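First comes the structure, then the notes that go with it.
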Amino acid sequence: MAKKFYIATFGCRTNQADSAALREDLLSREFEETRECRQADVIVVNSCTVTHRSDQQVRQLTRSLRRQNPAARLVVTGCYAQRDPSSLARITGVDAVVGNSHKGHIGSIVAAFECEEIHPPTHGEIAAIYRDDFRSVAAMEMTPATETGGRTRPFVKIQDGCDAKCTYCIIPYVRGPSRSVPPQIVLRQLAQLVENGFKEVVLTGIHMGSYGVHLKPRYSLDRLLGEIVAVPGLQRIRLSSIEPMQLSRRVIALAANCEKIAPHFHICLQSGSDRILKRMFRPYKTSRFASIVEEIRRCIPDAAIGTDVIAGFPGESEEDHRQTVEFIGRMPFTYLHVFPYSDRSGTAASRLADKVDSRTIKRRSSELRQISEDKNRAFRRRFLGQSLSVLTLSETKDGMRTALSGNYLKAKLDPSMPANQLVQARVVAEDAEGYQVLETPG
């Protein structure tokens with residue numbers, strides 16, 4: 001009987017792409033995936049470490065999974081495993097901690113477990129640790145994946161790592177330097193996904209705008225996109241988060257002139273105060289950021305434009321916060337991801353003395369989230385009575401099929417509509433949760 005595995009994934013789309021690669025590896029080793037952790041012979045937790053809260057959630061779930069399934073082999077991998085493997089190794093019942101440096105070897109590690117002939121398996125007091133630093137890493141492991149675990153929008157990782165030195169961020173330390181997947185491998189994976197019937201694919205990476213910088217010969221994101229939209233049968237490509245100084249006008253122009261590229265940009269702001277941006281070591285001022293956002297809105301009037309903003313960065317005064325609120329208010333954003341500042345040991349920001357108190361951070365976060373809600377509501381209501389191109393998703397809600405528009409609006413439509421279909425439908429109403437209620441022709 002085939003052994004079964006269960007994967008729990010935290011965090012970003014890049015982590016989701018990593019889990020897809022792991023899924024494909026385990027399936028190739030004749031494992032079967034289960035959606036029920038109690039049935040699994042092997043459990044893998046793919047962790048995030050962007051905040052202390054993320055770490056806490058990883059530890060809680062890891063302990064919960066062990067309680068639910070005392071017999072399974074339990075592996076923790078991902079960014080938390082790379083940053084602090086010893087803490088995870090001391091959690092009772094964890095068998096192996098595998099950092100990002102060794103994530104591509106998890107299939108072999110799991111296969112080695114199966115050779116131990118211990119039934120049921122015994123779990124050591126301290127888990128085995130597989131981790132190295134990234135000092136010698138010059139290329140990324142090729143882990144293209146076409147097994148999506150039931151998703152209708154597969155993530156394709158084209159880049160990993162980061163060369164930036166933002167003072168608040170731990171990611172360069174746990175993901176390593178920027179490196180890219182060669183274009184021919186990206187195109188091959190996309191062609192396979194199209195052959196498997198997928199209509200929309202999401203490109204992802206840690207610092208995606210730096211795609212190709214270290215490839216030889218050097219490549220660029222806009223050049224890759226130009227080749228991607230020529231893949232026969234591919235109907236929609238979506239970009240995940242991108243840094244403002246790496247979003248070229250060529251990418252914006254390509255998106256404006258090619259219906260295959262979803263009109264959706266997520267560009268990381270972090271603060272609307274030039275003083276705080278400097279303290280964060282962000283390589284732009286608000287005026288430059290504004291010109292990029294305004295160019296998108298001019299070229300693609302109906303595009304979704306999202307951003308990230310940190311509330312309560314060390315040294316952020318009430319004046320800095322006011323500038324952020326006013327700047328965001330002027331910008332044509334359609335949603336915000338608001339992050340209350342959280343110290344990460346090992347980052348430059350964690351060593352700054354002038355911390356903002358938690359009550360103030362909570363208040364500022366709440367103000368920014370309210371702005372996000374107001375902006376998103378106004379954007380959604382622009383489309384009442386209009387037709388949207390949506391991809392039907394695998395999930396249902398309130399007895400209706402869920403869907404996602406090209407410009408990132410959540411929608412619902414007739415439950416008889418199958419998943420993974422691109423359809424045109426008219427917005428006839430909006431429900432209490434902000435979903436666009438759609439009516440299809442006929």
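The values are calculated or read from the model by the stated rules, or taken from the named source; none is laboratory data. Values in this document were obtained by computation on a predicted structure and should not be read as measured data. Here the Cβ is made from the backbone with ideal geometry for all residues, glycine too, and neighbour counts use every protein chain on show.
Here are some notes:
- Residue match in the stretch 277-292 (condition: part of a helix (DSSP H, G or I), on the phi < 0 side of the Ramachandran plot and of a type in the set (Phe, Trp, Tyr)): yes
- Only one of the listed residues (Ala432, Ala403) is free of Cβ contacts under 8 Å to residues at least 24 places away in the same chain, among the small types (Gly, Ala, Ser) and either outside the structural domain of Leu193 (by TED's automatic domain parsing) or crowded, with 20+ Cβ neighbours inside 10 Å (or both). That residue is Ala432.
- Complete set of residues in the stretch 301-324 that are surrounded by 18 or more Cβ atoms within 10 Å (Cβ to Cβ) and farther than 13 Å from Ile267 by Cβ: Ile310, Ala311, Gly312, Phe313, Pro314, Glu316, Asp320, His321, Gln323, Thr324
- Being at pLDDT 95 or above, assigned by TED's automatic domain parsing to the domain that holds Gly329 and within 23 Å of the chain's Cα centre (by Cα) is true of Leu269.
Each row is one residue, and each column tells you yes or no for (1) under 25 Å from Gly161 (Cα atoms); (2) not hydroxyl-bearing (Ser, Thr, Tyr).
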| position | (1), (2) |
| --- | --- |
| Tyr211 | yes, no |
| Lys216 | yes, yes |
| Ala230 | no, yes |
| Gly233 | no, yes |
| Leu239 | yes, yes |
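- Test: Gly312 is farther than 19 Å from Ser273 by Cβ and in contact (Cβ under 8 Å) with a residue 40 or more places away in the chain: no
- Residue count for the stretch 315-335, restricted to those that are on the phi < 0 side of the Ramachandran plot, in contact (Cβ under 8 Å) with a residue 12 or more places away in the chain and part of a loop (DSSP other than H, G, I, E, B): 5
- With respect to the stated conditions, Ala20 fails to be under 16 Å from the mean Cα position of the chain (by Cα), crowded, with 17+ Cβ neighbours inside 10 Å, modelled with pLDDT of 90 or more and farther than 20 Å from Ile170 by Cα.
- Residues in the stretch 18-36 that are in a helix (DSSP H, G or I), farther than 13 Å from Ser47 by Cα and not hydroxyl-bearing (Ser, Thr, Tyr): Ala20, Ala21, Leu22, Arg23, Glu24, Asp25, Leu26, Leu27.
- Residues of the stretch 191-207 include at least one that is buried (at least 21 other Cβ atoms within 10 Å of the Cβ), assigned to a helix (DSSP H, G or I) and at pLDDT below 95.
- Options Ala112, Ala81, Ala71; residue that is of a type in the set (A, V, I, L, M, F, W, C), touching a residue at least 12 places away in the same chain (Cβ under 8 Å) and either assigned to a helix (DSSP H, G or I) or in contact with a helix residue (DSSP H, G or I) (Cβ under 6 Å, 6 or more places away or on another chain) (or both): Ala81
- Residue satisfying condition, being within 25 Å of the chain's Cα centre (by Cα) and crowded, with 19+ Cβ neighbours inside 10 Å, within set Arg377, Arg364: Arg364
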